[in-house]
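The values are calculated or read from the model by the stated rules, or taken from the named source; none is laboratory data. Here the structure is a predicted model, which is why all the values come from computation and not from measurement. Cβ sites come from the backbone with ideal geometry, for glycine too, and all protein chains shown count toward neighbours.
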Amino acid sequence: MSGLLDRRLLLVTGKGGVGKSTVAASLALRLASAGLRTLLCEVNAGRHLGQMLGHPEVGPDVTLVEPNLSMVDLEPDASMREYVLSKIRLERVYRAVFENRMVRYFLRFIPALAETVMLGKVMWHLRQWPDAPGGFDRIVLDLPATGHALTLLGVPQGLVTALPSGPMATEAGWMLDYLTDPVITAALLVSLPEELPVNETLELAGALRTRLSVRVGAVVLNQSVPSRFGKADRAALSGRPALTALVQAYEEDARRTEEALERLRSVDAPLVQLPRLVVPQLGRGELVALGDVLAEALR
Amino acid sequence: MSAPSLEEVLRTRRVLVCVGAGGVGKTTLAAALAMRAAALGRSALVCTIDPARRLANALGLTWLGNAPTEVRPDVLAGAGITLAAPLQAMMLDLKASWDELIERQAPPGQRERILQNRFYQTLSTVLAGSQEYIALERLGQLRERSEVELIVLDTPPTAHALDFLDAPARILDFLDNEAARWLLDPALRASRLSLRLARWGGGVAARTIGRIIGGDTLEELATFLSAVSGMNEGFRQRARSVRALLSSPETGFILVAGASPERREEALGFEAVLGDRGLQRDGVVVNRVQEEPPASAESELAGLEEPLRGTLVRTLAETRALAERDRESVRVLREGMAPAPLIAVPRFSSEIHDLGALWRAGSYLLGEAVIL
């Protein structure tokens, strides 16, 4: 594998409901099956990725769920604890200070603190050599929907600007270097053939490029419907109202796919289509198949 | 006693809140509900958060107004729609609503200090629940001031269903709890707050926190808290009245769900949350349900040649599989949501962006047309 899948940190985002988790899980499965030690991260998402992959729930501790594939659901409190302990090293002091009700209250006020410690955990793993304890060859981060994703990714830059010095700025500095290095990090933007998701993808691509300097590695149009019926086919169906209606509805979806592709081409990144799958419940088999499509297209 | 039909709901409620995950079509259905209420003779306002541009244009919302605008009768007539009462629409600008709230409630000398403070930026944009809070707060304000008989609120997409209903409590807790009161002891002047923080716990606590987040940040926080402290009573009152409005018998919730299995689970989770809080569930709308192709489709295949025939067989099988999946979702949701009425709205062949399409969606909502 080369190209996009060589990036050590893959960020997956898009509008709510477009299939971000499906894409993230497919990618992670594919990377792991290629022998790369892979970490799949969700952000405080209620741990549903594990279920999708047929594993028990994984919480805020990094857990190996199958050969080469580890998972974690980042949670603000657990990440905070881990971060603070890495700084002060004394469990006793942590408990006395950070588990105090009033301190917890103040911490909620601190702009970007929850985001800093969660993103910091991902970046810490990225910083380790792949062979070192806690190190991974690849990290796939299943980000929240557009707005929250931009907030999360914008945290290091915001901190570097707002607080030129101090402990949070130091952390933010190296995180920013990793996030904006196109050799290390790339974002995959997931979209659907509908107006609003495409609007969001375009806005997101612009914000990543101009505001955050994060490389957009690919745009993924999920649930694509390729055209199947031409004019001659439609003509052959005259006098067959049920089939005519079927073809018309199908081709309307195909037209929407074309329209979305047309608009998404304005993003300067490879455009990958994932097919619309009709199954009662997405399972591992579908994720493997989608992973193959992604790997092939992003080679 | 059976639950009232959606028509009954549109005739009686004063507020309807459309809830559900992002991307299921809440905005469109909120607009269709308001339009039908107006058709039934009740003046209605649909309050949207982030409508598709074409839908916004169709409703005549060409700029982010943050104030109600009437959907022009001649535009409606152009789409063949005559309403018995006026229909208004507005787009909520959440950030502007926060700024307006501060401008209204803050002591004059403090306004600029608050609006410029970094903590205010967090409070008004990224703090969990703040968007939901301001949407509800604006709803309360509109309900007090607006003459319209029904307000239909489209809600911001929530990552976690709970955020929405807990928003007033969380914001209040944020501004007004034991810790804040301790910090803001009136005997202390603002300039000495950071001193008090520094001394707290013999200085160990403040030093430790300072090592993690920086000492300047603590000081800035103290300044912010003292600036907003005068507003707490105002916030408390507003949050109380918003909570009262949500649980009032005049207010109902419409749960909008998608038909895919993942969306179905989200909807069931949300239903449980509404139920736990004793909120009035007026209906469940499953949007974009695939209709079953007629049985005659298979017999129409006779006499067609390959490869067209094969492609049709495949397309027909996929469509039937999708319809089957959606029918199962509707069945599960109907069971899980009873006794609230469940309404299936079909996938239309194009996105609903014009007034005529909104009207057609409305005919399913009112039971004039039915699938499943």
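Table: residues versus (1) modelled with pLDDT under 90; (2) among the polar types (S, T, N, Q).
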residue	(1), (2)
A:32	no, no
A:43	yes, no
A:63	no, yes
A:82	yes, no
A:94	yes, no
A:105	yes, no
A:111	yes, no
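Would you check which residues across the range B:12-26 are closer than 14 Å to residue B:362 by Cβ and not hydrophobic (A, V, I, L, M, F, W, C) and list them?
Selection gives B:25 alone.
Yes or no: residue A:176 under 19 Å from the mean Cα position of the chain (by Cα), part of a helix (DSSP H, G or I) and either of a type in the set (D, E, K, R) or more than 9 Å from every other protein chain (Cβ to nearest Cβ) (or both)?
yes
Please state which one of B:273, B:256 is more than 10 Å from chain A (Cβ to nearest Cβ), in contact (Cβ under 8 Å) with a residue 24 or more places away in the chain and crowded, with 20+ Cβ neighbours inside 10 Å.
The conditions single out B:256.
Got a sec? Which helices (runs of 4 or more DSSP H) wholly within the range B:16-115 have at least 2 residues that are modelled with pLDDT of 90 or more?
Of the helices (runs of 4 or more DSSP H) lying wholly inside the range B:16-115, those with at least 2 residues that are modelled with pLDDT of 90 or more span B:26-39, B:73-78.
Can you tell me which of (1) more than 13 Å from every other protein chain (Cβ to nearest Cβ); (2) touching a strand residue (DSSP E or B) at 6+ places or on another chain (Cβ under 9 Å); (3) of a type in the set (D, E, K, R) is the one residue A:131 doesn't meet?
(2)
Pick out the one residue from B:321, B:361, B:317 that is touching a residue at least 24 places away in the same chain (Cβ under 8 Å) and either within 30 Å of residue B:74 (Cα to Cα) or within 12 Å of another protein chain (Cβ to nearest Cβ) (or both).
Among B:321, B:361, B:317, only B:361 is touching a residue at least 24 places away in the same chain (Cβ under 8 Å) and either within 30 Å of residue B:74 (Cα to Cα) or within 12 Å of another protein chain (Cβ to nearest Cβ) (or both).
If I filter the range A:22-44 down to residues being surrounded by fewer than 22 Cβ atoms within 10 Å (Cβ to Cβ) and small (Gly, Ala, Ser), which single residue comes out as farthest from the other protein chains (Cβ to nearest Cβ)?
Selected residue: A:35.
Among the residues that make up the range B:277-287, is at least one of them of a type in the set (Asp, Glu) and surrounded by fewer than 20 Cβ atoms within 10 Å (Cβ to Cβ)?
No.
State whether one or more residues within the range B:43-58 are touching a residue at least 40 places away in the same chain (Cβ under 8 Å), in contact with a strand residue (DSSP E or B) (Cβ under 7 Å, 6 or more places away or on another chain) and over 24 Å from residue A:16 (Cα atoms).
Taking every residue of the range B:43-58 in turn, at least one turns out to be touching a residue at least 40 places away in the same chain (Cβ under 8 Å), in contact with a strand residue (DSSP E or B) (Cβ under 7 Å, 6 or more places away or on another chain) and over 24 Å from residue A:16 (Cα atoms).
Tell me, which residue of the range A:6-16 that is in contact (Cβ under 8 Å) with a residue 40 or more places away in the chain and either touching a Pro at 6+ places or on another chain (Cβ under 8 Å) or among the charged types (D, E, K, R) (or both) is farthest from residue A:203 (Cα to Cα)?
A:8
Would you mind stating whether residue B:312 is out of contact with any Pro (no Cβ under 9 Å at 6 or more places or on another chain), at pLDDT below 95, facing another protein chain (nearest Cβ under 7 Å) and more than 30 Å from residue B:251 (Cβ to Cβ)?
no
In the range B:331-366, what residues are in contact with a strand residue (DSSP E or B) (Cβ under 7 Å, 6 or more places away or on another chain) and in a helix (DSSP H, G or I)?
Residues satisfying the conditions are B:333, B:334, B:337, B:361, B:364, B:365.
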